[in-house]
Amino acid sequence: MDIATLNETARALVAEGKGILAADESSGTIKKRFDSIGVESTEENRRGYRDLLFTTEGAEEHISGVILFDETIRQSSSDGTPFPKLLESKGIVPGIKVDTGAKPLALADGETVTEGLDGLRERLAEYRGLGARFAKWRATYSIGDGKPSEYCVWVNAHALARYAALCQEAGLVPIVEPEVLQDGTHTIEESAKATGRVLQAVYTELHDQRVEYAGTLLKPNMVLSGYEASTRAGAREVADATLECFYKHVPAAVPGIVFLSGGQTDEDATAHLNEMNSLGPHPWQLSFSYGRALQAPALKAWGGSAENVEAAQRAYLHRARMNGLARSGAYSPEMEEAVAA
Ligand code: 13P
């Protein structure tokens, strides 16, 4: 393992003013996204939609890396350029989702364990050959009714660390993604407690399994009140609770924390990140690895129609720019209206 190279890649992914586009929706998830705009999920529609995102001019000023799905890393732009090559030519680092999904955890009611370790060494070697320089593995946890259980917390931490060690062996930066789902009626304190327990287990396993923190990135949830809670914390409270949790549980040797958006509105995801960065500097870069919060307006503007490609690209570029500004606390909500006007 060449830790210096892994550290260089990790730092490039959290370069100033930039973050990651998560475009690694599995076949099931992208179908759900397409269903929401009445577009059929065919291979060509999926390719065309990703092509629209990846060919957006100027996105590279705010986007450091893109996470691809197995199908997408093998597809090409309309001019025949393979997607990983297209991204590289813009200075964007290609990455790949390598887990095979969160599956019901045996003997645990309503909890999941993420699968995909069997044959992973061989798959990582193939993805590296296809141009990937980093990878992602997502574990999920729910809050409430005794969840997350210690059982769920530790089996997922163990699997995340096994994945991360294999990535580093293969020369890929592992993005370690433990997502504590923020659905439900929980308080922000309950979210902080669950997120802290999950992070503590993840860093214990990463350490025990010899993973070099300097060659990793963390992709966590923000600490929020549940989406269905009767009162919900505002941006400053979210920033304070999230930072307090991460200062306690994430080693300073980790180069960057790239948050997922996890169902927040686009503007909340940007405002929360902005607030945290305005309270900096912090031991790690605080950035984004958003799926929905970068793509939702673009998906809607596109609606599956070729004549809307430019409008969709403008919508994507706008969100990329706003989140790029949130990397340094330079965003304000008035910037949204200025564009809408
Ligand atoms: P969201 O930002 O839509 O939560 O997606 C990020 C992601 O990659 C989830 O695994």
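Since every read-out is calculated from the coordinates, none of them should be taken as a lab result. Model, not experiment: these values are computed from the prediction. Ideal geometry is used to build each Cβ from the backbone, glycine not excepted, and the neighbour counts take in all protein chains shown.
The value of relative contact order for segment 111-234, using C-alpha pairs under 8 Å at least six residues apart, is 29 percent. When Met335, Met276 are arranged by Cβ crowding within 10 Å, least crowded first, meaning fewest neighbours, the order is Met335, Met276. Annotation: amide H-H contacts under 5 Å for Tyr290 (H modelled 1.01 Å from N, sequence separation of 5 or more, or interchain): Ile20, Ala22. If R0 is 35 Å, the Cβ-Cβ spacing of Thr5 and Thr185 corresponds to a FRET efficiency of close to 0.20. Summing Cβ point charges (Lys, Arg +1; Asp, Glu -1) relative to the Cα centre of the chain gives a dipole of roughly 440 debye. With the cut-off at 1.5 for a/c, could you classify segment 87-131 from its C-alpha gyration tensor as rounded, prolate or oblate? Cα axes put segment 87-131 in the oblate bin. Put simply, the amide H of Val113, placed in the peptide plane, has neighbours under 5 Å in Lys103, Leu105, leaving out anything fewer than 5 places away on its chain. On the basis of the beta-carbon distance and an R0 of 35 Å, Tyr247 and Glu307 show a calculated FRET efficiency of 0.10. For a distance above 13 Å, tell me the whole-number percent of Cα pairs in segment 53-103 that qualify. Everything past 13 Å amounts to 57 percent.
What does the C-alpha gyration tensor say about the overall shape of segment 255-308? Classify as rounded when a/c is under 1.5, otherwise prolate if a/b is larger than b/c, or oblate.
Here segment 255-308 falls in the prolate category.
Shown for segment 206-341 is the translational diffusion coefficient from the Stokes-Einstein equation, using the Kirkwood radius over Cα pairs, a temperature of 25 °C and a viscosity of 0.890 mPa s: 152 µm²/s. Phi angles of segment 69-78 translate, via the Karplus equation with coefficients 6.51, -1.76, 1.60 and θ = phi - 60°, into HN-Hα couplings of 9, 3, 5, 6, 5, 9, 9, 10, 5, 4 Hz per residue; Gly and Pro are given as x. Applied to segment 99-111, the Karplus parametrisation 6.51 cos²θ - 1.76 cosθ + 1.60 on θ = phi - 60° returns per-residue 3J(HN,Hα) values of 6, 10, x, 8, 10, x, 7, 4, 6, 10, 5, x, 10 Hz, with x for Gly and Pro. Rounded to the nearest Hz, the phi-derived 3J(HN,Hα) couplings of segment 145-156 under the Karplus curve 6.51 cos²θ - 1.76 cosθ + 1.60 (θ = phi - 60°) are 6, x, 9, x, 6, 4, 4, 5, 4, 7, 5, 5, where x marks glycine and proline. Modelled label positions at Glu57 and Lys193, each set 7 Å beyond Cα in the direction of Cβ, lie 5.4 nm from each other. A viscosity of 1.002 mPa s and a temperature of 20 °C, combined with the Kirkwood radius over Cα pairs in Stokes-Einstein, give a translational diffusion coefficient for segment 84-163 of 152 µm²/s. As a length-normalised measure over Cα pairs under 8 Å and 6 or more apart, the relative contact order of the chain settles at 19 percent.
Modelled this way, with points 7 Å down the Cα-to-C-beta line, the labels at Asp118 and Ser332 are 5.7 nm from one another.
Close amide H contacts of Val93 (hydrogens built in the peptide plane, cut-off under 5 Å, sequence separation of 5 or more or a different chain): Gly65, Val66.
Spatially, segment 46-63 and segment 126-173 are offset by 26 Å when compared through their Cα centroids. Working ranking of peptides 54-66, 21-33 by packing, defined as the average number of other Cβ atoms within 10 Å per residue, highest first, is 54-66, 21-33.
Estimated at 0.36 nm per residue, the fully extended path between Tyr151 and Ala235 surpasses their Cα-Cα distance by 27.0 nm.
For the chain, the extents of the C-alpha atoms along the principal axes are 51, 47, 38 Å, listed from largest to smallest. Contact order for segment 186-317, expressed relative to its length and based on alpha carbon pairs under 8 Å spaced 6+ residues apart, stands at 23 percent. Taking label positions 7 Å along the Cα-Cβ direction at both Glu126 and Arg74, the computed distance is 0.7 nm, reported to one decimal. Ordering Ser230, Ser287 by the number of other Cβ atoms within 10 Å of each residue's own Cβ, fewest first, gives Ser230, Ser287. Dipole size in debye (nearest 20) for segment 1-103 around its Cα centre, Lys and Arg Cβ +1, Asp and Glu Cβ -1? Value, rounded to 20: 260 debye. Scaled against the 2.2 N^0.38 Å expected of a compact globular protein of N residues, the Cα radius of gyration of segment 16-101 reads 1.06.
Would you tally the net charge around Ser142, using a Cβ to Cβ cut-off of less than 9 Å, leaving Ser142 out, and scoring K and R as +1, D and E as -1? Summing Lys and Arg as +1 and Asp and Glu as -1 gives -2.
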